[in-house]
1. For the range 19-43, how many residues are modelled with pLDDT of 85 or more and under 18 Å from residue 75 (Cα atoms)?
2. Test residue 450 against the criterion of being surrounded by 19 or more Cβ atoms within 10 Å (Cβ to Cβ), farther than 24 Å from residue 664 by Cα and touching a residue at least 60 places away in the same chain (Cβ under 8 Å), and give yes or no.
3. Residue 351 passes all but one of (1) assigned to a helix (DSSP H, G or I); (2) closer than 25 Å to residue 229 by Cβ; (3) at pLDDT below 90; which number fails?
4. Could you say whether any residue in the range 422-429 is surrounded by 23 or more Cβ atoms within 10 Å (Cβ to Cβ) and either over 24 Å from residue 601 (Cα atoms) or modelled with pLDDT under 90 (or both)?
5. If I filter the range 245-258 for residues that are buried (at least 21 other Cβ atoms within 10 Å of the Cβ), at pLDDT 75 or above and not in a loop (DSSP other than H, G, I, E, B), do I get at least one hit?
6. Of all residues being surrounded by fewer than 20 Cβ atoms within 10 Å (Cβ to Cβ) and under 21 Å from the mean Cα position of the chain (by Cα) in the range 471-496, which is nearest to residue 546 (Cα to Cα)? Just the residue, please.
7. Quick one: which residue in 374, 395 is assigned to a helix (DSSP H, G or I) and either in the same structural domain as residue 236 (by TED's automatic domain parsing) or within 17 Å of residue 231 (Cβ to Cβ) (or both)?
8. Hey, could you check the range 44-99 for residues that are modelled with pLDDT of 80 or more and part of a loop (DSSP other than H, G, I, E, B) and say which is farthest from residue 11 (Cα to Cα)?
């Protein structure tokens with residue numbers, strides 16, 4: 001084991017020697033100096049002194065983590081880890097010094113490692129197999145060597161100085177230089193990022209992150225209690241939302257950012273999958289009255305750390321803390337903040353710790369909800385937050401969202417109207433308390449559309465877009481609505497923009513597919529839903545809409561095969577139409593009988609759709625009149641969807657269309 005102060009120290013359990021050797025050889029092949037102790041006999045004063053000196057001198061410390069290290073409470077590798085942890089009390093140094101590597105399925109949350117190891121991004125190298133991208137990243141971190149063979153840039157040179165001196169002062173210099181280099185890389189359609197930043201797979205989409213684009217990864221729960229997971233997740237989401245309110249930043253939406261939870265991918269991989277120029281990550285430790293948040297910002301183009309900070313606050317100061325972190329992040333990215341940013345970030349929040357806690361629990365419950373009972377549980381959580389702080393606008397807004405979901409998909413009979421009324425009241429209360437809350441106007445628009453008040457819904461969406469044009473949630477809701485209102489180009493553009501902001505979100509992809517289908521772009525809708533089906537083959541709703549796309553695209557046979565995999569209600573509707581077209585009319589009529597027996601008038605609009613496809617205009621119109629009398633929300637499809645084309649010249653249909661008062 002030889003080398004210099006520029007070397008990597010590779011620490012491993014003896015049982016993992018083979019995997020560690022593969023990592024070592026890959027790094028050395030890339031020109032990286034590695035201290036890799038393979039001596040048979042360890043221990044003794046001379047050995048201890050040598051190890052201490054090498055850990056003190058090395059530029060990077062790579063602990064190899066596995067089930068073997070987890071099963072052993074003692075070992076020389078643990079002494080090495082403690083020495084490395086002792087060297088990294090300063091967060092600014094730790095973010096550069098330690099690169100934990102996992103060689104099996106060991107999970108971070110269960111890992112018995114020094115706390116400081118949990119506060120940095122982990123890399124997975126199964127069995128020690130080391131791709132060139134990882135070796136190049138280490139090489140860049142050590143030497144600042146451009147892979148292109150060019151002379152070191154200012155950013156690279158500043159980084160090399162930072163590694164040498166290891167003091168807080170270098171962080172400012174390095175951040176300035178790295179940001180300057182990153183800004184060049186982020187200016188769209190110009191130079192490519194350094195080759196070292198390219199992922200190993202050539203099939204990846206082009207990496208061209210917009211200027212000042214960022215993703216917020218779920219902060220690690222350091223409280224030692226799994227029951228506190230909701231708090232760290234919720235706090236991360238609130239911070240993400242805070243950053244999204246800064247107009248100068250483009251922030252990847254929650255679902256895409258949170259899709260990496262528990263995976264511990266390389267930061268550069270995350271940046272490429274989300275097409276962002278920076279990654280914010282960190283940890284949360286909560287006690288009875290205090291919270292400690294450790295945050296760090298990583299350049300997604302180069303892998304360099306731009307900024308890091310630890311915040312200790314009272315729980316009642318969390319709202320103010322969001323502003324502080326957002327300002328610090330913007331400062332690290334050299335974003336000039338204009339106007340009262342604090343007012344934007346703290347909009348609709350609470351300073352009541354108990355209310356905030358209930359709110360975060362409700363957010364977690366709603367995110368995990370798969371049935372009516374879970375939706376009701378989240379509503380109860382938001383209600384508790386509102387009881388504790390009657391001025392908590394965000395709680396009203398989210399309760400309105402959950403109520404709208406309940407009314408549309410779970411409530412029956414008179415409960416539908418009553419639940420909608422509650423949702424509208426909550427949305428309006430949220431806007432009254434926080435008039436500039438974009439998502440509050442968006443939720444109100446959804447509720448008004450469900451009530452068939454389309455002109456008012458359009459106005460609410462206009463206000464939501466004016467306040468939150470960069471919100472994936474707003475754009476995702478607006479896209480299909482705009483198409484249904486007769487503005488397909490605007491709707492599809494909004495849905496595509498939502499996918500750009502939130503590319504890994506199932507709901508955002510679904511919204512795009514729905515917008516395309518309503519706009520009669522059936523082939524493209526098939527492509528979107530087919531891609532979703534490959535990822536989630538057992539998703540009944542995806543299979544249903546893929547089937548509908550095939551059906552209205554003129555392929556009832558494929559539609560029937562896919563719709564057999566749909567959820568129960570959609571399967572009956574889709575197959576009743578497809579079977580009839582295929583001549584299997586007895587089966588089709590049996591399915592319609594099942595629908596009428598199970599749903600009665602509650603789904604009259606879908607019964608009307610089936611009769612329209614069967615060519616029975618009279619019964620179709622009878623059911624549409626019933627649906628209008630019951631104010632069924634799915635009448636929104638009457639203006640634009642192709643299914644209703646056979647009825648458009650019918651006087652009864654025209655009367656319903658006129659009564660619905662669709663805006664121009």
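1. Qualifying residue count, the range 19-43: 2.
2. no
3. For residue 351, the failing item is (1).
4. Yes - at least one qualifying residue is present in the range 422-429.
5. Scanning the range 245-258, I find at least one residue that is buried (at least 21 other Cβ atoms within 10 Å of the Cβ), at pLDDT 75 or above and not in a loop (DSSP other than H, G, I, E, B), so the answer is yes.
6. 496
7. Details: 374 fails: either in the same structural domain as residue 236 (by TED's automatic domain parsing) or within 17 Å of residue 231 (Cβ to Cβ) (or both).
Step by step, each of 374, 395 is checked, and only 395 is assigned to a helix (DSSP H, G or I) and either in the same structural domain as residue 236 (by TED's automatic domain parsing) or within 17 Å of residue 231 (Cβ to Cβ) (or both).
8. 59
The values are calculated or read from the model by the stated rules, or taken from the named source; none is laboratory data. Values in this document were obtained by computation on a predicted structure and should not be read as measured data. No Cβ is skipped: glycine too gets one built from the backbone with ideal geometry, and neighbour counts run over all protein chains shown.
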